[in-house]
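Down below is the structure, laid out as structure tokens.
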Amino acid sequence: MNRFLAPAKVNLFLHVMGRRDDGYHLLRTVMTFFPLYDILEMDVGGNEVTLACHPPVTGNPEQNLVVRAARLLQKNCNCRQGVHISLTKNIPAAAGLGGGSSDAATTLMALNRLWSLGLSQTELAEIGLTLGADVPLFIGQKTALAEGIGEQLTPMETLPTFPLLLINPGVPVSTPAAFSGLNGRWPERDANWSLAEGLQENDALTWMENDLESPARCLAPEIDTVFQALHQQGARMVRMSGSGASVFGVFESDNQLIFAAESIKSQYNNWLVFSGRTFHIHPFASG
Ligand code: C5P
């Protein structure tokens with residue numbers, strides 16, 4: 001039995017820069033990892049790809065990104081090996097945390113190793129991009145500035161890490177719905193501004209925004225309540241991740257974070273509340 005972790009990601013900010021002819025939006029976003037993990041256990045054998053999910057999911061298992069990732073690898077590499085995958089879901093779905101993309105990326109990286117396929121990181125990322133715009137980030141294995149639709153990655157390991165209180169109010173938000181809620185409008189920004197240099201400035205991140213916040217708030221008004229709760233607890237920066245509805249607050253100290261987590265849990269018992277420090281290197285890189 002081989003065990004692999006698929007971490008969540010958070011977007012420290014997300015700027016929409018344009019839209020392609022195929023409807024995909026061009027982005028500028030920094031994504032980093034958060035210590036909330038799905039767990040994938042893999043048994044190589046036979047020539048089928050099978051999946052067991054814990055807790056069980058409704059919906060067609062054939063559509064699960066883990067199964068699609070494994071089949072895509074078989075097809076691309078003319079590979080006749082099979083695998084049984086057991087997936088333990090801890091990352092909420094449709095939450096802006098990249099759970100499905102992370103599962104797909106871990107599947108591609110793990111099977112590349114277990115099936116001895118010898119694909120490069122670039123080849124895996126190209127395959128991964130056909131499954132989801134966030135998959136290449138996880139295959140890149142590092143905190144990164146993502147441009148294009150998410151596939152042009154610049155590693156950003158020199159950024160600080162942040163103690164976060166991450167909250168999901170239990171309302172799924174569909175990513176296509178959040179993007180289409182923009183109605184083709186977003187703030188005008190200087191595409192030539194050197195983001196890499198700008199981000200080294202002290203506290204530059206505090207004024208960067210997530211352009212999907214406004215359409216996501218229309219789809220899930222609970223997002224407003226999470227913002228209010230985190231501000232009330234004294235978070236120095238509050239931001240939505242991805243297309244929502246997860247929202248995180250950055251706190252000055254671990255003590256403040258623990259206090260805020262307890263206080264919010266006692267007031268809102270149907271919210272998922274996670275605390276932890278962001279990190280820069282994907283666990284797959286270390287083994
Ligand atoms: O690639 P992913 O599955 O994450 O995207 C889901 C949907 O979100 C896409 O079909 C598209 O409608 C929208 N999207 C977008 N621009 C992006 C990423 C996603 O418009 N950069």
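The values are calculated or read from the model by the stated rules, or taken from the named source; none is laboratory data. On a predicted model such as this, the values are computed, not experimentally measured, just so you know. Glycine gets a Cβ as well: all are built from the backbone with ideal geometry, and neighbour counts include every protein chain shown. Just the protein is used for accessible areas: all its heavy atoms, side chains included, with ligands, DNA and RNA removed. Shrake-Rupley method; radii C 1.70, N 1.55, O 1.52, S 1.80 Å.
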Of residues in the stretch 124-135 being of a type in the set (A, V, I, L, M) and within 14 Å of the ligand (Cβ to nearest atom), the one farthest from the chain's Cα centre (by Cα): ILE127
Given (1) away from the ligand (no atom under 15 Å from the Cβ); (2) at pLDDT 95 or above, number of the condition PHE138 does not satisfy: (1)
The stretch 148-182, residues that are aromatic (Phe, Trp, Tyr) and either within 16 Å of the ligand (Cβ to nearest atom) or on the phi > 0 side of the Ramachandran plot (or both): PHE179
The stretch 49-60 - residue that is open to solvent by less than 70 Å² (accessible area, probe 1.4 Å) and of a type outside the set (S, T, N, Q) and, of those, nearest to the chain's Cα centre (by Cα): CYS53
Residues that are more than 16 Å from the ligand (Cβ to nearest atom) and either buried (at least 16 other Cβ atoms within 10 Å of the Cβ) or assigned to a loop (DSSP other than H, G, I, E, B) (or both), drawn from the stretch 183-196: PRO187, GLU188, ASP190, ASN192, TRP193, SER194, LEU195
Any hit, the stretch 85-95, residues being of a type outside the set (Val, Ile, Thr), free of Cβ contacts under 8 Å to residues at least 40 places away in the same chain and either under 23 Å from ASN11 (Cα atoms) or not assigned by TED's automatic domain parsing to the domain that holds PHE248 (or both): no
Looking only at the stretch 11-48, and only at residues there that are open to solvent by less than 10 Å² (accessible area, probe 1.4 Å) and away from the ligand (no atom under 15 Å from the Cβ), the one that is nearest to ALA245 (Cα to Cα): LEU12
Conditions (1) crowded, with 18+ Cβ neighbours inside 10 Å; (2) hydroxyl-bearing (Ser, Thr, Tyr); (3) closer than 30 Å to GLU222 by Cα: number failed by THR107: (3)
Flag if ALA125 is touching a residue at least 40 places away in the same chain (Cβ under 8 Å), crowded, with 16+ Cβ neighbours inside 10 Å and touching a helix residue (DSSP H, G or I) at 6+ places or on another chain (Cβ under 8 Å): no
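Looking at the stretch 76-103 only, could you name the residues that are part of a helix (DSSP H, G or I) and surrounded by fewer than 17 Cβ atoms within 10 Å (Cβ to Cβ)?
The answer is ASN76, and nothing else.
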Subset of the stretch 128-182 [open to solvent by less than 10 Å² (accessible area, probe 1.4 Å), within 21 Å of VAL250 (Cα to Cα) and of a type in the set (Val, Ile, Thr)]: THR143, ILE167
